Amino acid sequence: MASAISPQIVAARTRAAQCILTRSELLALFESFGGLASDLERIRDAGLEVEALELAKSTAAGGGIAATADVMLHFAEVQKEYVAVMGVVRLVRQDHEDVGKTDLVAALQQIIKNEARVTVRTVQGEEGKTERVASRSTSTEALRAEILKDARALIGLPAVHASLAARKVPVERLKKLEADADALSEKLSDRATKKGATKTATAAKSDAVQRQAKRWGAAYRILAMVGEADAQVAELLREAARPRARKG
């Protein structure tokens, strides 16, 4: 049952989908096996919804389910637009690389790079030594901030505006993405201050977990084929696997 799926597994599946979506060569491989970007988007978005609902429940005693639904609706729309825009940005980067415009290639590559906030934690290593391990934040706020930063960076790079516009991403579209990501910050703050029904939030979270699990299960064989070709994806798939029940 979906309720038996741990938050760690949900998060791992979200990271796996996001990894393939943000690496063009992996997305192309996934699609070559018959998968669609929308399959990965459903896995990712359901996982982000679980995270947002869990955050709402823990920070506001499960309150503000209506506000949470509003935030997630807007967040899903903003993120979908961001993925679409960044897909064009990758193509424009390649266009400039093909003609040797290395300065613009470097600028676009810096925008494409995921620079979400890094969380550093201390873990116990071998022989009793402690090690500091860094992991990228996948919180809703961190992703929102990343979208806002990238939109502003693209707006501030006029040398690529014509190339983006030729691929149906005019400056007006970038400014709307910026405004939507900026407005989402206020919605996140508003959600955190409201209270609501714990049972409703829990039901919504369970539904999101189940939706992710169904799409993950349906796409798993294709995901596994991508994992055979890429070590990072293979590791993420291992983290996303449900532990087998031990026999008596």
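Readers should treat all values here as calculations from the given coordinates under stated rules, not as data from a laboratory. Just so we're clear, the structure is a prediction, and the values are computed from it rather than from any experiment. A quick note on method: Cβ atoms are made from the backbone with ideal geometry, for glycine too, and the neighbour counts reach across all protein chains shown.
Working ranking of peptides 204-213, 155-164, 80-89 by packing, defined as the average number of other Cβ atoms within 10 Å per residue, highest first, is 204-213, 80-89, 155-164. Going through the cross-link list K168/K214; K113/K168; K101/K175, which pairs have a Cα-Cα distance over 28 Å in this structure? Exceeds cut-off: K168/K214.
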